[in-house]
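A short write-up of the structure that comes next.
The values are calculated or read from the model by the stated rules, or taken from the named source; none is laboratory data. If you're wondering where the values come from, they're calculated on a predicted model, not measured in any experiment. When we count neighbours, we look across all protein chains shown, and the Cβ atoms used for this are built from the backbone with ideal geometry, even at glycine.
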Amino acid sequence: MRQLQGMDASFVALETRNSPMHIGSILVYNPQTAPGGFVRFKDILQFIGERAQLSRTMRQRLVRVPFDLDYPYWVEDPDFDLEYHVRHVALPKPGDWRQLCIQAARIFARPLDLARPPWEFTVVEGLDNIPGFAKGSFAMVTKVHHAAIDGMSGIDLMEALHTLRPNDPPPATPDNWKPERIPNPIELLGKSYFNAVTNPLKQLEVAAKAAPGLAKAIKGLVVKDFTVSADLIAPKSRFNRKISPHRVVEGRSFKLADIKAIRALSEGAKVNDVFLAIIGGAMRRYLLAKDDLPKKTLTAMAPISVRSSREKGDMGNQVAAMIAPLGTHIEDPAERLAFVHSQTANSKAMSDAVGARNMTEMSKVSPALFMALGAQLYTRLGLANRGVAPPFTTVVTNVPGPPVPIHFTGARLESMMGLLCLTDGLGLGHVVQSYVEEATIAFTADRVLLPDPDFYAECIEDSFAALLAAAQQGAATPDAKPSARRKRAAAKAGRA
């Protein structure tokens, strides 16, 4: 039995009917590489069962402390039933991409049963009319509670359930998993009393470790290693309201080489800067069409993994965060990328000064009762609709995928798109991923706040195309110098 950390527990506290706090993916497979060129559902059950020992997530369930007086615990589930967690559906004809996204949105909108290990995989057949995918391909819509995994540990789960070669055998080591007894409320209350007594000491320890980082941050502000820019404060947008229980999901794939080529528009720009600039351009186009674009730049919360190599495979979240302005106030795509790059460099310097790991450690000693009450009051009082300023407009999480093809029951993974949880005040989230030569931008949104996912997907495509065209034009005229206007925009962004 292991106790959750502060950030993990916050995802349990935030769970409501309208805000199920799970993350996941849409994975598409080509069965032509599987034995016989075909995958049966019973093959999938057997494959997952044989590899369950490679993941700590799959057979552990949550046990909450009465009255949320302390963080919940993970317990090896004595009633684990694999067939409950793996489901099977089929799309009606014609079986196109939009139907798959609609089905995935319906699946993703349903909360997980937190009295069982908090994950579900739904196999979706009937993908017979999606360009680029072979006939007979199938998808898998995955859902795993955010208390159990973050983006990087999600990739570890992917590795546990995939093989490098189609015919790789199951693990040779014996499965020594054993269920645990579920503790009774009296035992849990006793543990919470002990933790309440020792928690102040833990808080002092964390504060002592954080002090050098805070001093470094103050020094960085004085010598202007970074600045606290007004662009880091998000304006109110249509996406920062109370959400409904309904979801839409969509996404687009691009060549990873094209994403990397766009970096040349701004010296020193990273792949993540390009993704942010694309999303900034897409949100600008979408909101302009709705006559609803704020004059001030929208922002994104960009998670930063602080997971060490020795924590590979551990459950839970090991992430900090930085705020990334998206440049939605800038029309020119190259100028927007320069602005985004300068702002992310500034935010990264701030995070480095404080210490991203320190941010994560601080969350682990937050009082559980206050965390739960705060999360519930925010939702019940409807603060997202009462003018409470959002800390950021959207989320953009970058999850690098495997650089080589991987297989599930012998079927080759062809494409992967990430899905995010939403909460009141956050009605739109993005996952950007890479896999072999593919780069994807996928989004999860509240259906009321973003009722036209096809149009927003077109905005993503248009924003990408504008950046790529600017990069290609720059490559065709290598001696051309940046315009004075672009230089001023970059300089302004650097001073902000």
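Worth a mention:
- For the range 441-453, the count of residues that are in the same structural domain as Asn240 (by TED's automatic domain parsing), within 21 Å of Ala282 (Cα to Cα), in a helix (DSSP H, G or I) and at pLDDT 95 or above is at least one.
- Filter result for the condition that a residue is surrounded by fewer than 21 Cβ atoms within 10 Å (Cβ to Cβ), within 22 Å of the chain's Cα centre (by Cα), closer than 30 Å to Ser415 by Cα and of a type in the set (D, E, K, R), over Arg98, Arg51, Arg87: Arg98
- Residues located in the range 1-39, provided they are crowded, with 21+ Cβ neighbours inside 10 Å, under 17 Å from Val124 (Cα atoms) and touching a helix residue (DSSP H, G or I) at 6+ places or on another chain (Cβ under 7 Å): Gly24, Ile26, Pro31, Val39
For every residue, the table says whether it meets (1) of a type in the set (A, V, I, L, M, F, W, C); (2) part of a loop (DSSP other than H, G, I, E, B).
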{"site": "Ser19", "(1), (2)": "no, yes"}
{"site": "Ser25", "(1), (2)": "no, no"}
{"site": "Gln46", "(1), (2)": "no, no"}
{"site": "Glu50", "(1), (2)": "no, no"}
{"site": "Met58", "(1), (2)": "yes, yes"}
{"site": "Tyr71", "(1), (2)": "no, yes"}
{"site": "Phe80", "(1), (2)": "yes, yes"}
{"site": "Glu83", "(1), (2)": "no, no"}
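- Scanning the range 409-431 for residues that are in a strand (DSSP E or B), over 16 Å from Val28 (Cα atoms) and at pLDDT 95 or above turns up Leu428, Gly429, His430, Val431.
- When residues in the range 216-262 are screened for being at pLDDT below 90 and not in a loop (DSSP other than H, G, I, E, B), 10 of them pass.
- Qualifying residues in the range 19-45 (those that are touching a residue at least 60 places away in the same chain (Cβ under 8 Å) and within 23 Å of Pro174 (Cβ to Cβ)) - the one farthest from the chain's Cα centre (by Cα): Asp43
- Scanning the range 66-77 for residues that are hydrophobic (A, V, I, L, M, F, W, C) and at pLDDT 90 or above turns up Trp74, Val75.
- Residue check, Thr360 at pLDDT 95 or above and buried (at least 20 other Cβ atoms within 10 Å of the Cβ): no
- Of all residues in the range 273-309, exactly one satisfies the criterion of being in a helix (DSSP H, G or I) and at pLDDT below 95, namely Ser309.
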